[in-house]
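To start, the structure under review is shown below, and the notes come after it.
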Amino acid sequence: MAFIDSSSIEVCHNKRITRNKVFKGLAKRGKTTSGWFYGFKLHLIINEKGEVPSFQLTPGNVSDVSIVDILSKDLMGKLFGDKGYLSTHLKQKLINRGLELLTSIRSNMKQKLMSFQDKILLRKRSIIETVNDQLKIFLKSNILVIEA
């Protein structure tokens, strides 16, 4: 059992992209639910103990779905993610490998049957949000040191 999520790490404000020299060529523009950003994405998988078995730092324009296969290569069982990981092709690919991807559904989607235990575990995704936020704060402080 594991949880997957991604988080944006802004290198600079959108207005300063053309003047930014620190990660030129590495950082890219990406989009999150809160809008556009320039920087990187931290893709993270944690297990039920809160340990991080797999992570990847990618340019901001890399989609969440495209990186799941690489991050989850050593996992078996169930993988819980948010709506950003909805993909029938990905879901089938992971099932063939022995990994079941469980996500919440969008408001315009048909309800699907899910066990009570899976519903409860899907709500426990807040654990990975907390870990993501702590790592993001750590990475941002180190990015500021690089810029100085």
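What follows draws every value from the coordinates through simple rules; no lab data is involved. Just so we're clear, the structure is a prediction, and the values are computed from it rather than from any experiment. Using ideal geometry, Cβ is built from the backbone for each residue, glycine included, and neighbour counts are taken over all protein chains shown.
Membrane-span-like helices in the chain (whole DSSP H runs, Cα extent of at least 24 Å along the helix axis, mean Kyte-Doolittle hydropathy of at least -0.5): 126-147. Using 0.36 nm per residue and subtracting the Cα-Cα separation, the extra length available between residue 95 and residue 69 on full extension is 8.2 nm.
Helix content alone sets the calculated 222 nm mean residue ellipticity of the chain: runs of n ≥ 4 DSSP H residues at -39500 (n - 2.57) each, divided across all residues, give -10000 deg cm²/dmol.
Take the Cα of residue 18, step 7 Å toward its Cβ, do the same at residue 124, and the gap between the two points is 5.0 nm. Expressed as a fraction of 2.2 N^0.38 Å, the C-alpha radius of gyration for the chain is 1.12. Here the dipole of the chain is about 580 debye; that uses its Cα centre as origin and unit charges on the Cβ of Lys and Arg (positive) and Asp and Glu (negative). With the charge dipole of the chain set up from +1 on Lys and Arg Cβ and -1 on Asp and Glu Cβ about the Cα centre, the Cα lying farthest toward the positive end among the listed residues 85, 45, 138 is that of 85.
By DSSP, the beta bridges lying fully in the chain are antiparallel in about 75 percent of cases.
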